[in-house]
Amino acid sequence: MKAVLVEPRQRLVLAETADPAPGPGQAVVEAEAIGVGYFDVMNLRNGTTSVPGVEVVGRVRDGRRVLALVLSGGYAEQVVADADQLYSVPENLDPADVVALGVNAMVAEGAVHRAAVAPGERVLVRGASGGIGVLATQIAHARGAEVTAVTSSAEYGERLLALGAAKTIDRTRERPEETYDVIIDTAAGPQVREHLELLRPNGRYVLCGGTAGVPEPEAFGPLMRDFHKSPTLFAFSLTSVSPEERRKSWDRVLELVVAGQLAAVRDQTFPLAGAAAALQHVEHGKSFGKVVLLNG
Ligand SMILES: NC(=O)c1ccc[n+]([C@@H]2O[C@H](COP(=O)([O-])OP(=O)(O)OC[C@H]3O[C@@H](n4cnc5c(N)ncnc54)[C@H](OP(=O)(O)O)[C@@H]3O)[C@@H](O)[C@H]2O)c1
């Protein structure tokens, strides 16, 4: 089979390599669509992968179409996945759309679920134009919340309004001035501090990404200073979520899709041979929604 191999100096090459051999409790997935995310950029930078890619939609040997989550190896014609990391995919959905939901949908749904977003609550989404943010915006809206989406351009603002945001904030020109019941933050960085200060009494802050960097401990000062408001901070990583919880979250995602309340948002699509360009596109931070690789 062909796979995207990481060569010295992080060069990516599509090359012939041995077919993967499944061990006990594993399955081979013939890839149709592969997700490209910031996570892959980080893994490549850290030198922790020989074949990038953590999410694949394709068919297993019995013909079922599945979403497979793996630790690495996704940028390939075939991937081996643990059986408990295969998630069902309705036949009527486009595989590229399903992978565009993939991990991002589980993070977005998991974050909104942990924060127990309720109808009428005010929710702020940071990084709203990103792979996770476009889905968190839709899911919070579907739960009846009034969503404010933070982005960096008027064009993306318009697209987020069409996805259910009630308001948008252009982070390059303005700062949020209202207060919020829930903040879903995929950006983090030093601005965590000023955003924690925007929580209303009993507010919940879900930190689920870090495109703007890792915050210093001082950024969390408002949690103790505003103790009387009983704020809650969730750090939320899908890595710590059990397979059963992931499956429940995926089922809730598919229910929203079937109900027409959630749609995949795809940015550019690249062939497997264009993996380097796809990763560069994600790294530049200018994608709206998910970048996808197609096999074949
Ligand atoms: N919790 C988990 O389990 C989990 C799983 C997968 C990924 N992640 C992490 O979640 C984060 C987001 O992932 P993603 O796939 O949604 O990323 P993405 O598609 O690259 O989107 C991130 C968005 O953040 C905004 N942004 C970039 N720099 C920013 C800054 N300095 N300040 C504020 N906003 C900024 C950009 O939108 P605008 O320019 O329009 O504002 C960008 O579109 C990454 O750190 C990723 O590693 C977490």
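The values are calculated or read from the model by the stated rules, or taken from the named source; none is laboratory data. Note that the structure is predicted; figures quoted are calculated from it, not measured. No Cβ is skipped: glycine too gets one built from the backbone with ideal geometry, and neighbour counts run over all protein chains shown. Note: accessible area is taken over every heavy atom of the protein model, side chains too, but ligands, DNA and RNA are not part of it. Shrake-Rupley method; radii C 1.70, N 1.55, O 1.52, S 1.80 Å.
Here's a check for you: in the stretch 190-213, which residue that is β-branched (Val, Ile, Thr) and modelled with pLDDT of 95 or more is farthest from Val123 (Cα to Cα)?
Val192
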Return the only residue of Arg64, Arg45 being open to solvent by 30 Å² or more (accessible area, probe 1.4 Å), over 16 Å from the mean Cα position of the chain (by Cα) and within 13 Å of the ligand (Cβ to nearest atom). Arg45
Report yes if some residue within the stretch 252-263 is free of Cβ contacts under 8 Å to residues at least 60 places away in the same chain and touching a strand residue (DSSP E or B) at 6+ places or on another chain (Cβ under 9 Å); otherwise report no. no
Among the residues of the stretch 280-296, which ones are assigned to a loop (DSSP other than H, G, I, E, B), touching a residue at least 40 places away in the same chain (Cβ under 8 Å) and within 18 Å of Arg159 (Cβ to Cβ)? Gly285, Ser287, Phe288, Gly289
Anything in the stretch 63-77 that is assigned to a loop (DSSP other than H, G, I, E, B) and more than 20 Å from Pro243 (Cβ to Cβ)? List them, or say none. Gly63, Tyr75, Glu77
Of those in the stretch 136-178 that are near the ligand (Cβ under 9 Å from one of its atoms) and over 21 Å from Gly120 (Cβ atoms), the residue most open to solvent (accessible area, probe 1.4 Å) is Arg171
For Val80, indicate whether it is in a strand (DSSP E or B), out of contact with any Phe, Trp or Tyr (no Cβ under 6 Å at 6 or more places or on another chain) and open to solvent by 20 Å² or more (accessible area, probe 1.4 Å). yes
Which residue, of Arg204, Arg200, is open to solvent by 60 Å² or more (accessible area, probe 1.4 Å) and not aromatic (Phe, Trp, Tyr)? Arg200
May I ask you to say which residue of Ala219, Ala149, Ala187 is touching a helix residue (DSSP H, G or I) at 6+ places or on another chain (Cβ under 8 Å) and not in a strand (DSSP E or B)? Ala219
May I ask you to verify whether Leu279 is farther than 18 Å from Gly133 by Cα, within 12 Å of the ligand (Cβ to nearest atom) and touching an Asp or Glu at 6+ places or on another chain (Cβ under 7 Å)? yes
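Is one or more of the residues making up the stretch 225-242 of a type in the set (Phe, Trp, Tyr) and either open to solvent by 80 Å² or more (accessible area, probe 1.4 Å) or under 29 Å from Arg11 (Cβ atoms) (or both)?
Taking every residue of the stretch 225-242 in turn, at least one turns out to be of a type in the set (Phe, Trp, Tyr) and either open to solvent by 80 Å² or more (accessible area, probe 1.4 Å) or under 29 Å from Arg11 (Cβ atoms) (or both).
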Among Ala111, Ala100, Ala105, which is modelled with pLDDT of 95 or more, open to solvent by less than 10 Å² (accessible area, probe 1.4 Å) and within 9 Å of the ligand (Cβ to nearest atom)? Ala111
With the requirement that a residue be open to solvent by 60 Å² or more (accessible area, probe 1.4 Å) and more than 16 Å from the ligand (Cβ to nearest atom), what does the stretch 22-42 give you? Pro22, Pro24, Gln26, Glu30
Of all residues being open to solvent by less than 50 Å² (accessible area, probe 1.4 Å) and within 18 Å of Glu155 (Cβ to Cβ) in the stretch 246-276, which is nearest to the ligand (Cβ to nearest atom)? Just the residue, please. Asp267
Does Leu272 meet the test of being modelled with pLDDT of 95 or more and more than 14 Å from the chain's Cα centre (by Cα)? yes
Aromatic (Phe, Trp, Tyr), within 16 Å of the ligand (Cβ to nearest atom) and touching a Cys at 6+ places or on another chain (Cβ under 6 Å) - does that describe any residue in the stretch 215-236? yes
